[in-house]
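I have a structure here, written as C-alpha cells, and I will follow up with some questions on it.
The values are calculated or read from the model by the stated rules, or taken from the named source; none is laboratory data. Quantities reported herein were computed from a predicted structural model and do not represent experimental measurements. No Cβ is skipped: glycine too gets one built from the backbone with ideal geometry, and neighbour counts run over all protein chains shown. Just so you know, the surface numbers come from the protein's heavy atoms only, side chains and all, with ligands and any DNA or RNA stripped out. Shrake-Rupley method; radii C 1.70, N 1.55, O 1.52, S 1.80 Å.
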Protein chains: 2
Amino acid sequence: MNKNNVNKSVTMRDVADHVGVSVATVSRTLRNPEVVSPAVRDKIAAAIESLGYLPDPAARALASTRSDIIGVILPSVSNNVFADVMDGIYSAVEGTHHSVQLGYSRYAPLSEENLIRVFLRQRPAGLIVAGVDQTEAAQALLREAGCPVVQIMETGSNPYDRMIGFSHYDAARAATAHLIAQGYRRPGFLGARMDPRTQRRLHGFRDELRAHGIEEGKRIQTTTRPSSVTLGSHLLAQLMDLAPETDAIFCINDDLALGAMFEAQRRNLRIPDDLGICGFNDMEMMAAAEPSISSVRTFRREMGEGAVQLILDALSGSAAQEKVVDLGFQIIQRRSTRGR
Amino acid sequence: MNKNNVNKSVTMRDVADHVGVSVATVSRTLRNPEVVSPAVRDKIAAAIESLGYLPDPAARALASTRSDIIGVILPSVSNNVFADVMDGIYSAVEGTHHSVQLGYSRYAPLSEENLIRVFLRQRPAGLIVAGVDQTEAAQALLREAGCPVVQIMETGSNPYDRMIGFSHYDAARAATAHLIAQGYRRPGFLGARMDPRTQRRLHGFRDELRAHGIEEGKRIQTTTRPSSVTLGSHLLAQLMDLAPETDAIFCINDDLALGAMFEAQRRNLRIPDDLGICGFNDMEMMAAAEPSISSVRTFRREMGEGAVQLILDALSGSAAQEKVVDLGFQIIQRRSTRGR
DNA sequence: AGGCGTAATGTAAGCGGTTACATTCGTCAA
DNA sequence: TTGACGAATGTAACCGCTTACATTACGCCT
C-alpha cells in the first residue's frame, strides 16, 4: 500500500550529511546543545529547519531509556470534570517536548491496572492517575514505576509519589455545613455513579449531619448509574416522594443539581425557599442558571496543570518538598441556597 | 502475570529463551500465528503469559513501518461535543491492539498543521481529523499520509481519504425550517466561537430565512468568544435589546440555548409562546430542562466509532466503496418550540 | 619544541522488535 | 534409498536515535 512512500521522511542522518557532521553531533545539539560548538550548532539548526527534520519518537524512546510521553489514566471520557483536567494537562504540556497519552479505565480498577501496565511498558516520562483507589497490583506497579507518578483529584497521607487535589470529604462537609448555616434543617443527598470519590462525599455529608444532630432519614438517594441531568431530575423526584420533608439537597455534581432544579420547578417548589440546592464542582453553567445555583468550586484545570508541573519538576530535579498539594475548594453561594 | 517488575521489563528475548526458540519465532507468533507450528505457538503463549511479557510499542514502531497509534486531532478539549466523539473513538479502539494519540489544535489551523506533521512522523496506523478546513500544507500532508485518514464532523464531496459526519448547513436549515413551521416569523440566531463549522450553520440559517422571504434584521448575534451557558444568556440579552421583535432563536449549540433559556426566564419571556428556542447537538440535558428544549440531534459517538471502524477496515483491506458516510441529523422537537 | 589538558567531534554498540533470506527437517514420489 | 520440496525455524540486517568511549584539534605551560 505504501512501498513508494511519499513522505520519505528526513532522518537525523540526512541532517548530519547535509551539514557534514556525524549523527551523534546532531543528536547532541538536540539533547545537550551546550556541548556543541555554537558554529556547528547553528548550521545544524539551519539544516533541521530547511530540511523539515522531525525526530522519530519511537526511535528516541527505544534508544534512550525514557520516552517523552506523559501517561494519563482517567476513569471517564465524558465526565466534563475530567475535560477540565485534561485542558489543564494539555496546556501545561504545550511548549514542552512531551506528549500526552490518555487512557480511560471506565471506573474499573482492573482495567486501570492493565492500563498502568501498558503505559509503564513505554517507559513514560511520567504518569498521572486519578485518585487513590487502585488495586493492590496497580499500587505496587506505581510505587516502583521508575518515573514520576502524580495522583490527582484527591489528597491523602500516603501518595505513591506525589499528589495534587483536594479533600472530597471536607468539601462535602463544608457544603453541608453551608446548607445548615442557611437554615435548612432536613437536607438530602443526591448521588450518582457512587465511585469511591463520591462515597467520600457521602461520608462527609453524613458526618456533618451527625455533628449537628440531624437525622438523615430517607433523604439519601443514590444510584450507581452514571450521572446526568435527567438522572438529577429522577433522583429529586424519588427523594421528594420518599422524604417530602426535605428542605435542601446536596448533589454530588452540578449535572444532578441542574436536573434537580428543573424537577423542583416542575413541582412548583420555590428555590431557595422550599428547597435549597447545592451542586459540586461549580461548572460554568451554575452561575448562569435561573436561579443561580450554589456549588463547591474545585480547581480542575489547576489540578491538571499542577500535575504536569510536578512531573516536569521531578524530571528536572527541582522537585519541591511537599509530596501532597492541597488545592482546596470554595463554597460558592448563590441564590439557590439563600436560605429561608 | 507474576513478574510485576516493570523496571527490568521482560523482552521478547526472555520469552524466546524461556521456550528455547529464536526471537523471530516469538515475533511471528505475535504477528502471523498461522506460520508457527501449534505446539510451539502454545508454548510461547504460555511463556508470554507467565513472564508477563508486553511488547515495547516503540521498538515495534521502529522496526515495522507502522505504529499502532491512531492519531486524533480535534479543535478543543473542553467542548463536550468532542468528548462524545472521543467516547466513541475509545470504545471502538478498545479490544484492538491500537492505541489513541490525541492532539488539540485549539481551533488554530497552523497548530493543526503542525500536529498533523508531528503525528505523521510516527507513521500512525490512521489519522482522524475534524472537518475540512485545513491549511493548504496540511491538506497536502493528509492526501499523501500513507495511512488511512478520516475526516469527521462533516460531509463533503472531496475527502482526502474518507469522511464521516453530517451537513451542518442542512442541519441548520432544517432547524430553522422547523422554527418557521411552528409559526415563528422573526427567528434570530445566536452563535459563539464562529469557527468554519459554525459559519456553515449560519449560512444554513440565512438561506432558509431567505427561502421564506424573511428579513433577518438585527437578529443575528454572534461572537468569536468560546461558547458557554453564560454567554448564551448574554447573547440573548443583547439580541432582545437590539431586536425586540425576535420570537424564536436558533442557537449553534445547547450551551447557548440553555443560557438563553435562563435569560428568557429572567426577562419573564414565556417559552415557547413569547420565544421559541432550538439548540444544536441535543445533549442529554435538553430533554431534562424545564421547559424541555428542542434541538438538532447529532450522532457524535457514532461518528467516533465509525471513524475508527473506517480506519480498521482500510487497514484490513475490507474498506467499503463509499468515501463519505453521512450520519445525518434529527430535529428533536420539545416544548421550547411548541409554537404559538 | 614537546607534553598535556580540554573542548569538540566521531565511532560504534546497542535499544527491542520485524522480516528477508538461509537453513533444517520430515515427507513422499520415483 | 534418494532427491525434491514445503513447512518450520533460525540468522542477521536493519529501523532512527542515544551515548559511552575513542579520537582529534588546539591552546598553553615549562
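Going residue by residue through the stretch A:91-100, is there one that turns out to be assigned to a helix (DSSP H, G or I) and open to solvent by 60 Å² or more (accessible area, probe 1.4 Å)?
There is no residue in the stretch A:91-100 that is assigned to a helix (DSSP H, G or I) and open to solvent by 60 Å² or more (accessible area, probe 1.4 Å).
Of the residues B:VAL26, B:VAL72, B:VAL35, which is within 30 Å of A:MET285 (Cβ to Cβ) and either β-branched (Val, Ile, Thr) or at pLDDT 95 or above (or both)?
On the way: B:VAL26 fails: within 30 Å of A:MET285 (Cβ to Cβ); B:VAL35 fails: within 30 Å of A:MET285 (Cβ to Cβ).
Criteria check complete, one pass: B:VAL72.
With open to solvent by less than 20 Å² (accessible area, probe 1.4 Å), over 26 Å from B:TYR53 (Cβ atoms) and of a type in the set (Ser, Thr, Tyr) as the only criterion, which of A:SER76, A:SER105, A:SER67 stands out?
Criteria check complete, one pass: A:SER76.
Specify the residue that is farthest from B:LEU190 (Cα to Cα); the eligible residues are those in the stretch B:248-267 that are open to solvent by less than 10 Å² (accessible area, probe 1.4 Å) and not in a helix (DSSP H, G or I).
B:ALA248
Residues checked against (1) surrounded by 22 or more Cβ atoms within 10 Å (Cβ to Cβ); (2) outside the structural domain of A:GLY95 (by TED's automatic domain parsing):
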| site | (1), (2) |
| --- | --- |
| A:GLU290 | no, yes |
| A:ALA307 | yes, no |
| A:LEU315 | no, no |
| A:SER318 | no, no |
| A:GLN321 | no, no |
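All but one of (1) within 14 Å of chain A (Cβ to nearest Cβ); (2) of a type in the set (A, V, I, L, M); (3) touching a Phe, Trp or Tyr at 6+ places or on another chain (Cβ under 9 Å) hold for B:ILE249; which doesn't?
If we test B:ILE249 against (1) within 14 Å of chain A (Cβ to nearest Cβ); (2) of a type in the set (A, V, I, L, M); (3) touching a Phe, Trp or Tyr at 6+ places or on another chain (Cβ under 9 Å), just (1) comes out false.
Can you tell me which residues in the stretch A:300-336 are basic (Lys, Arg) and either part of a strand (DSSP E or B) or touching a Pro at 6+ places or on another chain (Cβ under 8 Å) (or both)?
Residues satisfying the conditions are A:LYS323, A:ARG334, A:ARG335.
Hey, another quick one. For the stretch B:143-154, which positions are within 11 Å of chain A (Cβ to nearest Cβ) and open to solvent by less than 30 Å² (accessible area, probe 1.4 Å)? Let's see the steps before the verdict.
Filtering the stretch B:143-154 down to residues within 11 Å of chain A (Cβ to nearest Cβ) leaves B:143-148.
B:ALA145, B:GLY146, B:CYS147, B:PRO148 - these are the residues of the stretch B:143-154 that are within 11 Å of chain A (Cβ to nearest Cβ) and open to solvent by less than 30 Å² (accessible area, probe 1.4 Å).
A:PRO187 is checked against (1) in contact with a helix residue (DSSP H, G or I) (Cβ under 6 Å, 6 or more places away or on another chain); (2) under 27 Å from A:LEU115 (Cβ atoms) and fails just one. What number does that condition carry?
Failed condition: (2).
Looking at the stretch B:51-65, can you tell me whether even one residue there is within 12 Å of chain A (Cβ to nearest Cβ) and closer than 26 Å to B:ARG301 by Cβ?
Checked against the condition, which is being within 12 Å of chain A (Cβ to nearest Cβ) and closer than 26 Å to B:ARG301 by Cβ, the stretch B:51-65 yields no hits at all.
Please verify whether B:ARG270 is surrounded by fewer than 20 Cβ atoms within 10 Å (Cβ to Cβ) and of a type in the set (Lys, Arg), treating the condition exactly as stated.
Answer is yes for this residue.
Moving to a separate point now. Looking only at residues in the stretch A:45-63 that are open to solvent by less than 40 Å² (accessible area, probe 1.4 Å) and within 9 Å of DNA strand C (Cβ to nearest atom), which one is farthest from B:SER67 (Cα to Cα)?
Per the criteria, the residue is A:ALA61.
State all residues of the stretch B:22-44 that are away from DNA strand C (no atom under 11 Å from the Cβ) and within 20 Å of B:ALA59 (Cβ to Cβ); if no residue qualifies, say none.
Those that are away from DNA strand C (no atom under 11 Å from the Cβ) and within 20 Å of B:ALA59 (Cβ to Cβ): B:PRO33, B:ILE44.
Report, ordered by the first and then the second residue, all pairs with beta carbons closer than 7 Å, sequence separation of six or more or different chains, a first member in the stretch A:202-228 that is aromatic (Phe, Trp, Tyr), and a second member that is not in a loop (DSSP other than H, G, I, E, B).
Listed pairs, sorted by first residue: A:PHE205/A:ALA172; A:PHE205/A:THR176; A:PHE205/A:PHE189; A:PHE205/A:PHE250.
Also, quick follow-up: Are there any strands (runs of 3 or more DSSP E) wholly within the stretch B:155-232 with 3 or more residues that are open to solvent by less than 20 Å² (accessible area, probe 1.4 Å), and if so which?
So the answer is B:162-166, B:187-191.
Shifting gears a bit: Does B:THR96 qualify as being within 10 Å of DNA strand D (Cβ to nearest atom), more than 30 Å from B:SER227 (Cβ to Cβ) and in contact (Cβ under 8 Å) with a residue 12 or more places away in the chain?
So B:THR96 does not fit the description; no.
Search the stretch A:252-265 for residues that are within 24 Å of A:ARG173 (Cβ to Cβ) and more than 10 Å from chain B (Cβ to nearest Cβ) and pair each with any residue that is assigned to a helix (DSSP H, G or I) and among the charged types (D, E, K, R) when their beta-carbon atoms are under 8 Å apart and the residues are at least 6 apart or on different chains.
A:ILE252/A:ARG201
Please state which of the following conditions B:GLU290 fails to meet, knowing it meets all the rest: (1) out of contact with any Gly (no Cβ under 8 Å at 6 or more places or on another chain); (2) in contact (Cβ under 8 Å) with a residue 40 or more places away in the chain; (3) within 11 Å of chain A (Cβ to nearest Cβ).
(2)
Restricting to the stretch A:218-253, give me the number of residues that are of a type outside the set (A, V, I, L, M, F, W, C) and either modelled with pLDDT under 95 or in contact with a strand residue (DSSP E or B) (Cβ under 7 Å, 6 or more places away or on another chain) (or both). First the steps, then the outcome.
Kept after step one, since they are of a type outside the set (A, V, I, L, M, F, W, C), are these residues of the stretch A:218-253: A:218-219, A:221-228, A:230, A:232-234, A:238, A:241, A:244-247, A:253.
Restricting the remaining residues to those that are either modelled with pLDDT under 95 or in contact with a strand residue (DSSP E or B) (Cβ under 7 Å, 6 or more places away or on another chain) (or both) gives A:219, A:221-222, A:232, A:238, A:246-247, A:253.
Residues that pass the stated criteria total 8.
Return yes when A:LEU120 is within 12 Å of chain B (Cβ to nearest Cβ) and modelled with pLDDT of 95 or more and no when it is not.
For A:LEU120, the condition - within 12 Å of chain B (Cβ to nearest Cβ) and modelled with pLDDT of 95 or more - is not met.
Could I ask something else about it? For the stretch B:123-134, give me each residue that is open to solvent by 30 Å² or more (accessible area, probe 1.4 Å) and of a type outside the set (Asp, Glu).
Hits for the stretch B:123-134 are B:ARG123, B:VAL132.
Taking the condition of being over 24 Å from B:ARG173 (Cβ atoms) and either open to solvent by less than 30 Å² (accessible area, probe 1.4 Å) or assigned to a helix (DSSP H, G or I) (or both), how many residues in the stretch B:273-288 meet it?
The total comes to 2.
Filter the stretch A:90-104 down to the residues that are in contact with a helix residue (DSSP H, G or I) (Cβ under 6 Å, 6 or more places away or on another chain) and farther than 23 Å from B:SER9 by Cα and list them by number.
Applying the first criterion (in contact with a helix residue (DSSP H, G or I) (Cβ under 6 Å, 6 or more places away or on another chain)) to the stretch A:90-104 yields A:92-93, A:100, A:103-104.
Within the stretch A:90-104, A:ALA92, A:VAL93, A:TYR104 qualify.
For the stretch B:74-88: of the residues being under 22 Å from A:LEU115 (Cα atoms) and touching an Asp or Glu at 6+ places or on another chain (Cβ under 7 Å), which is nearest to the other protein chains (Cβ to nearest Cβ)?
B:VAL77
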